[in-house]
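What follows is one structure encoded as structure tokens, with my remarks underneath.
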Amino acid sequence: ISLEKVFDYSEYWEVTRGLYAPFDCTATMKSGNADVYENEIPGGQYTNLHFQAHSMGLGNKFKEVKKAYTEANKLLGDLIK
């Protein structure tokens, strides 16, 4: 499977999980996401960033938040995480 297809599937399941949100016990991300491979955000940082974005009213702009993280990471020399 190409990495691009993994992203497509990941987005599909993220939307699907949203349909079941009323039955879940948390407000944001319920499981991992394939985006960590593209954005190089470690899992723990990814879920924290996701929660923080939602807390600040940026949940609907999370793609842009991840892009900003990636750009900041490059500007800082691709730090080891």
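Coordinate-derived values only; no laboratory data. All values derive from a computational prediction rather than experimental measurement. Using ideal geometry, Cβ is built from the backbone for each residue, glycine included, and neighbour counts are taken over all protein chains shown.
What is the sum of charges around residue 38, taking Lys and Arg as +1, Asp and Glu as -1, for the other residues whose C-beta is under 15 Å from the C-beta of residue 38?
On the way: positive: 5, 63, 66, 67, 74, 81; negative: 4, 8, 11, 14, 35, 40, 64, 71, 78.
Summing Lys and Arg as +1 and Asp and Glu as -1 gives -3.
Note on residue 48 and residue 72: the model spin-label points, each 7 Å out from Cα along the C-beta direction, lie 1.1 nm apart.
Order 14-22, 65-73 from most to least packed using the mean count of other Cβ atoms within 10 Å. Can you show the working numbers first?
Numbers: 14-22: 10.1, 65-73: 14.4.
Per-residue Cβ counts within 10 Å, averaged per peptide and sorted highest first, yield 65-73, 14-22.
Report the relative contact order of the chain, percent, no decimals, based on alpha-carbon pairs under 8 angstrom and at least 6 residues apart. So the answer I get is 23 percent.
Evaluate E = 1/(1 + (r/R0)^6) for residue 79 and residue 20, where r is the Cβ-Cβ distance and R0 equals 35 Å; express this FRET efficiency to the nearest 0.05.
Details: r = 36 Å, r/R0 = 1.02.
For residue 79 and residue 20, the calculated efficiency is 0.45.
Shown for the chain: lysine pairs separated by 8 or more places, or found on different chains, whose C-alpha atoms are under 23 Å apart, numbering 16. With a 10 Å cut-off between alpha carbons and a GNM built on the chain, which of 12, 37, 46 moves the most? Taking springs between Cα atoms under 10 Å, the residue moving most is 12. With contributions of -39500 (n - 2.57) from each DSSP H run of at least four residues, the per-residue ellipticity at 222 nm computed over the chain stands at -19000 deg cm²/dmol.
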